[in-house]
Each structure stands twice: as C-alpha cells, then as structure tokens.
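Below is one structure; the comments refer to it alone.
The values are calculated or read from the model by the stated rules, or taken from the named source; none is laboratory data. Fair warning: this is a prediction, and the values are worked out from it, not measured in the lab. Virtual Cβ from ideal backbone geometry, glycine too; neighbours counted across all protein chains shown.
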Amino acid sequence: MILMQKALLPLDEAISLLAAAVPSPIQAAIRADRDDPALDRSLMDGAALRSEDGVAPRRGLGTLFAGDDASGWQVAPGTCVRVMTGAVVPAGADAVVPVEQLREADGCLVPGNAPKPGEFVRRRGCQAKSGDLLLREGTPVNAARIGLRAQVGAPLPCLARVRVGVVPTGDELVADPGPHQIRDSNGPMLAALAHAAGAEACMLPRLPDDPEAIARFLEGLGPTQVLLTAGGVSMGEKDFLPQVLARIGARILFHRIRLKPGKPTLAAILDGRVILCLPGNPVSAYMNALLFLPVVLARLEGRGVPDPWRTGRLTAHVANGGDRPMLHPCRRRGTLLDPLPSRGSADLVRLAQADACAWIPEGGLGEGETRFLDLL
C-alpha cells in the first residue's frame with residue numbers, strides 16, 4: 001500500500017526512514033579472549049634490561065623476535081636481551097632501551113641514559129583484560145572493528161559486495177535514436193555510481209512502459225539485493241512503477257520528497273530487497289542515487305550510515321525560485337564552490353562538468369557558506 005503523504009517528505013526524514021527500514025546484520029558483542037597484550041612486549045627494537053642497573057654495561061644473552069617464546073629466558077644483573085619490536089620482554093627485565101640509545105663497548109651493550117622502569121614496554125593487559133567488553137552488540141562494522149574481531153578470534157563478517165541491479169525504463173530509450181528518441185545514459189551512469197560506491201553493479205535490460213512486464217521483472221530479480229530504476233515513477237500516464245510495486249505487495253517507504261531535482265523519488269522494500277525508483281531525468285537520477293544508495297549499502301553491510309555532507313563556500317549567487325531546496329552543480333576548488341549555469345534536471349552536460357553539488361535553500365543563496373556533496 002502506498003503511503004499517502006499530505007506534504008512532500010523532507011530529505012533528512014526520507015534518509016532516516018530508509019535507514020531504519022533496510023535490514024542490517026546485527027554484530028555480536030566483542031569480549032577480550034585474553035589479556036591484551038597477553039605478555040609484556042617491547043615497543044622498540046633495542047635491549048630488554050633491568051632499570052636498576054643504570055648505565056652500567058650489560059652482557060647480551062641473545063635476541064628475541066616477535067613471536068619467540070621467552071619463557072626460558074631470565075635477565076640477571078649485568079645482562080640484557082636484544083629484542084625486536086613486538087617481542088616478549090623476558091623475565092627479570094623491566095625496561096627496554098631503544099637501539100638508537102645503545103652503544104657497544106668491550107662486547108657489552110651500554111645505555112646512553114639511565115632507563116626508567118616500564119620505559120618502552122607495553123604492559124600485559126594495558127589495553128584490555130581477559131573478559132572485558134570491547135564492543136557492544138550492534139556496533140556498526142568498520143575496518144578497525146573487523147581487525148579487532150580477528151584479534152580476539154571472533155567470527156568475521158562477510159565482505160562480499162552488495163549486488164546492485166540497474167534498470168532503465170521507458171519506450172523512448174533506443175541504441176540508435178531518431179530525433180524523437182534518446183539513448184540510455186542513466187543505466188551506465190547509475191551502474192558507474194554504484195561501482196564507485198563499493199557495490200557489485202549489474203546492468204539489467206531496459207524495462208518497457210508495460211505494467212505486466214514490470215511486474216514480471218520485479219518478481220524475478222534473483223540475487224539482486226538492491227535495484228535502481230530510472231524513470232517511470234512520476235505522475236505521467238506511463239509512470240507505472242508506483243502502482244505495480246503496490247499491487248505486488250512492496251512496502252512503500254516514501255514516494256515524493258521535498259527536493260529539487262528528485263521530487264518523484266520512491267523507496268520500497270520487496271521480498272527483502274531494496275528498490276530505489278529514481279526519476280528519469282539524469283541529474284535527478286544521479287543526485288538521488290548519490291544521496292540514498294550509500295545509506296542502503298552501509299545498512300546492508302552492517303556499517304554506520306555515512307554523512308556525505310561537507311561545508312564549503314559559494315562564490316556566486318544561485319537563484320532558487322521554487323518551493324523546495326535544490327542541489328546545484330558546481331566546480332570545486334578546495335572548499336570554494338563555483339556554480340555552473342545548469343539548465344535543470346535534464347542537463348547532463350553541466351552535471352558531468354561538475355565536481356560537487358551545493359545545497360541551495362528556497363529563495364536562493366548568495367555568496368557564503370553552504371553544505372555540499374562531492375560527486376562520485
């Protein structure tokens with residue numbers, strides 16, 4: 001059933017609705033399986049020794065490398081053990097002197113300065129004690145947290161790319177167009193955007209303006225996890241996608257948002273898949289995919305929802321006489337945004353010349369600070 005909205009949905013609310021609806025894997029809590037580190041370890045290449053012996057020469061007993069078992073070693077007065085970074089500090093030693101602060105004399109190692117207890121030693125359990133809660137259940141995935149899971153021996157999440165299908169719609173799309181027809185630019189553009197966003201992008205055959213063909217296609221998506229469509233979502237006589245999705249049981253999250261370009265954008269969940277129906281004009285399709293697709297990918301991968309907005313400064317006034325905020329293509333020089341003379345949501349030329357899109361509120365915006373999106 002289509003959600004009937006009294007007013008256009010603000011962009012931030014649409015993003016929140018989408019993020020809440022997309023199923024995301026729940027990551028189990030992480031606890032330390034042992035002390036971290038499990039033994040005292042050297043922070044430097046150097047010599048492990050007794051600090052109380054001061055700057056007296058030490059006789060070397062041998063060398064310990066990272067991963068060596070130090071259980072049979074004992075540092076006595078007047079002795080030391082050469083250690084590499086990460087090596088276990090042997091019993092009897094309470095400090096490490098870096099190699100840069102050592103000199104050799106008469107076959108012994110001599111510290112340049114009196115070492116202090118604990119110097120250049122990473123103490124057992126200083127980072128975590130066995131059983132400590134390191135990350136709570138549901139903490140979003142990132143690369144460091146995957147590394148932590150590996151460190152404690154916890155199961156690792158799957159790193160497979162989300163499969164995103166891209167399908168243009170419309171009888172007007174042909175490979176060799178006459179003057180009354182057009183080539184498909186949305187399909188390749190959206191597939192490239194999905195790829196740049198980290199998805200496994202797959203171009204699918206064009207959909208005709210036929211509700212039965214659309215229904216058959218949507219009910220046979222196979223391994224596709226996310227579907228991007230372009231066109232067929234507005235209020236024209238051949239814009240069948242909203243009614244077809246409702247008829248086959250999709251859960252419509254929103255349809256029509258308060259944004260220019262992109263008012264007709266629709267988001268739905270169908271059989272566990274996320275459907276993003278984008279307008280057919282290329283600037284609208286691109287802008288809304290740039291806003292919503294990274295949210296979907298992050299949720300499906302168990303990551304935190306990204307914040308794509310940056311802060312910059314417009315170098316010239318941009319008019320906006322409409323009743324919706326607008327995204328306007330700009331060339332970017334650092335944080336300076338030079339507006340391009342865009343001719344609306346069909347102007348792919350200006351979009352391709354842009355580096356960023358600036359947020360322009362109703363009434364327009366003069367030179368000054370605003371938020372912007374970098375283009376992928």
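Couple of notes before you dig in:
- Of all the criteria given as (1) in the same structural domain as Leu245 (by TED's automatic domain parsing); (2) assigned to a loop (DSSP other than H, G, I, E, B); (3) not polar (S, T, N, Q), the one not satisfied by Ala66 is (1).
- Leu228 vs. criteria part of a strand (DSSP E or B), surrounded by 18 or more Cβ atoms within 10 Å (Cβ to Cβ), not β-branched (Val, Ile, Thr) and not assigned by TED's automatic domain parsing to the domain that holds Gly368: yes
- Count of residues meeting criterion [without any contact (Cβ under 8 Å) to a residue 24 or more places away in the chain and polar (S, T, N, Q)] in the range 177-235: 1
- Only one entry in Arg251, Arg273, Arg216, Arg256 is touching a strand residue (DSSP E or B) at 6+ places or on another chain (Cβ under 8 Å), farther than 20 Å from Arg299 by Cβ, surrounded by fewer than 22 Cβ atoms within 10 Å (Cβ to Cβ) and of a type in the set (D, E, K, R), namely Arg256.
- Odd one out for Asp12, checked against (1) within 30 Å of Pro325 (Cα to Cα); (2) in contact with a strand residue (DSSP E or B) (Cβ under 9 Å, 6 or more places away or on another chain); (3) surrounded by fewer than 17 Cβ atoms within 10 Å (Cβ to Cβ): (2)
- Apart from one condition, Val55 fits all of (1) farther than 30 Å from Ala150 by Cα; (2) free of Cβ contacts under 8 Å to residues at least 12 places away in the same chain; the exception is (2).
- Matching option when the condition is surrounded by fewer than 23 Cβ atoms within 10 Å (Cβ to Cβ) and within 15 Å of Leu373 (Cβ to Cβ), among Pro242, Pro325: Pro325
- Flag if Arg350 is part of a loop (DSSP other than H, G, I, E, B) and either in the same structural domain as Leu227 (by TED's automatic domain parsing) or within 23 Å of Pro279 (Cα to Cα) (or both): no
- In the range 147-200, the qualifying residues are those that are charged (D, E, K, R) and touching a Pro at 6+ places or on another chain (Cβ under 8 Å), and the one that is nearest to Leu134 (Cα to Cα) is Arg149.
- Residues in the range 261-279 that are within 18 Å of Met235 (Cα to Cα) and touching an Asp or Glu at 6+ places or on another chain (Cβ under 9 Å): Pro264 only.
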